[in-house]
């Protein structure tokens with residue numbers, strides 16, 4: 001596998017005088033490859049295809065002015081975002097300026113003034129594109145379906161043009177509202193634009209403020225510190241760190257464990273919604289992203305949840321999978337694990353009567369233009385399982401409707417809901433009736449409980 005790192009070389013320049021006494025610039029340039037990164041940290045802002053890279057390297061300085069050359073060939077680094085600062089002995093070191101040599105595309109040179117001679121740790125930061133991540137989860141319920149284990153995973157994809165070895169990976173969950181997408185600037189061309197072009201094309205003052213805010217917030221979460229929620233202006237996002245160090249070569253992906261939760265409590269709810277799921281009761285695992293349920297340390301990003309159950313024979317039964325959207329702390333998670341043939345729902349129409357007719361004589365012959373239809377219903381849930389269940393029944397009844405039934409409540413203006421607990425091996429049944437106004441008897445579209 002080809003391993004490539006961004007070339008960072010120290011250029012040591014000396015001034016020579018001509019024999020005639022006139023000053024002329026001579027170049028006595030020594031190129032020395034800087035040692036490999038001592039550490040690298042990736043903070044990936046998925047919503048903007050934007051990654052903040054923070055790497056530490058040791059540079060050997062001489063007293064006086066040092067020229068440090070930086071190259072980003074064949075990468076998606078935004079050259080206007082590259083910055084360097086000393087991590088030690090700051091009072092003796094000053095970064096004087098940054099220049100972009102016209103004869104060296106994809107290069108910049110920092111001029112650094114040093115009052116000391118020797119090796120100094122520096123931090124290099126920049127924004128790049130092409131790094132992204134996706135989340136997925138594996139849920140394993142125990143045989144009795146009373147608690148579960150929940151493992152979170154993150155897959156990081158690297159198409160940035162750069163290999164990142166031994167990287168600490170941090171993920172930003174949520175939306176960061178930057179003025180514009182940084183990768184669009186990085187892809188404009190290999191030569192950095194002149195200042196006037198930058199001003200015209202990128203509105204740098206506004207853009208730099210957004211970038212500086214993002215850097216400041218990311219830098220505030222240091223290595224080893226716990227995850228924390230960050231709120232900034234219109235942005236609200238969460239940064240958390242994946243444990244350990246990870247190598248993500250260019251054009252590769254790496255799957256990492258983001259969290260592991262054990263003895264997670266959950267409930268089971270049977271939903272009967274014939275208009276949505278068909279005639280069979282559908283089972284849901286219901287849990288909450290909070291401390292009471294052994295979760296709640298971080299929001300859960302969008303991802304695919306695969307659900308298994310211990311079959312009691314040292315194996316797992318696959319129950320299904322479902323995509324979930326961003327789950328904030330203290331929010332509910334509802335997982336559809338499919339129909340259950342041990343729970344049966346049976347509706348029966350008991351009869352229909354018509355009344356309250358309105359007739360019109362003209363045009364002849366006389367005809368009906370309004371009436372009411374009353375429908376009697378009897379429904380039953382039978383539980384053949386070895387434990388009790390909770391069931392929720394929703395029936396959509398369109399039109400102008402008046403409904404009578406014990407335990408009925410409205411879910412919305414055209415949906416009535418019933419809730420029951422059904423013991424092991426037991427059944428429950430209930431009756432209700434509804435009158436639908438037809439023709440000129442219609443006043444409005446809604447269900448009215450009587």
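Rule-based calculations on the coordinates, nothing more; no lab input. From a predicted model like this one, the values you see are computed outputs, not experimental measurements. Cβ placement follows ideal geometry from the backbone for every residue including glycine, while neighbour counts extend to all protein chains displayed.
What the table below lists for this structure:
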| read-out | value |
| --- | --- |
| Ranking of 144, 113, 400 by count of other Cβ atoms within 10 Å, fewest first | 144, 113, 400 |
| Estimated FRET transfer efficiency (residue 290, residue 346; beta-carbon r; R0 25 Å; 0.05) | 0.10 |
| More than 14 angstrom apart: percent of Cα pairs within the stretch 59-108 | 58 |
| Footprinting exposure proxy for 246, 367, 293 (fewest neighbouring C-beta atoms within 10 Å first) | 367, 246, 293 |
| Residue 95-residue 159 FRET efficiency (beta carbon distance; Förster radius 22 Å; 0.05 resolution) | 0.10 |
| The stretch 102-180-the stretch 301-370 distance, computed between alpha-carbon centres (Å) | 42 |
| Convex hull projection area averaged over all views, the stretch 343-449, Cα basis, nm² | 7.3 |
| Principal axis dimensions, the stretch 254-377 - Cα atoms, whole angstrom, descending | 79, 35, 30 |
| Fewest-first ranking of 422, 248, 368, using other Cβ atoms within 10 Å as the exposure measure | 368, 422, 248 |
